[in-house]
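Structure record follows, encoded as structure tokens.
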Amino acid sequence: MAYEARHLLGGGGLDELQRLFLDAGRVSLLAGWVVVTYSFGNPAADAGHVFLGFALLLLGVLLLTLSPAAYQFPWVARVVTVVAKAVLNHLFAPAN
């Protein structure tokens, strides 16, 4: 089963995929925490900011939770890989 998932996800190693999930989870948690903290401290912030912050927090928790089981569920790993790459590409400019 682990071999199938590795083949479906482009041949990357286990460490590479788990590192991607951990990095995207950390960035999402940090961004969500900053948005929520800013929203509660700023009277001009509306409910949309708070919702965005909590959504980023939940996305970070999801990515961190799924990182140990990256190759046990191949379809989940594919979906989370797309989400993790989108989060990292949106929050940080690509190096190349």
Exercise for the section: Those residues that are assigned to a helix (DSSP H, G or I), touching a Leu at 6+ places or on another chain (Cβ under 6 Å) and modelled with pLDDT under 80, I need them from region 51-76; list them, please. Expected result: 74
Problem - Subset tally (residues that are modelled with pLDDT under 55, under 17 Å from residue 68 (Cβ atoms) and either touching an Asp or Glu at 6+ places or on another chain (Cβ under 8 Å) or part of a helix (DSSP H, G or I) (or both)) for region 1-18 - result: 3
Exercise for the section: Return a yes/no flag: does region 43-61 have any residue that is under 24 Å from residue 19 (Cα atoms) and exposed (fewer than 14 other Cβ atoms within 10 Å of the Cβ). Expected result: yes
Handout entry: First in region 19-31 and crowded, with 22+ Cβ neighbours inside 10 Å and in a helix (DSSP H, G or I), second anywhere and among the small types (Gly, Ala, Ser) and modelled with pLDDT of 85 or more, Cβ under 8 Å, 6 or more apart
Key = 24/60; 25/60; 28/60
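The values are calculated or read from the model by the stated rules, or taken from the named source; none is laboratory data. Note that this is a predicted model, so its numbers are computed, not measured. In this analysis, Cβ positions are derived from the backbone assuming ideal geometry, glycine residues included, and neighbour counts consider all displayed protein chains.
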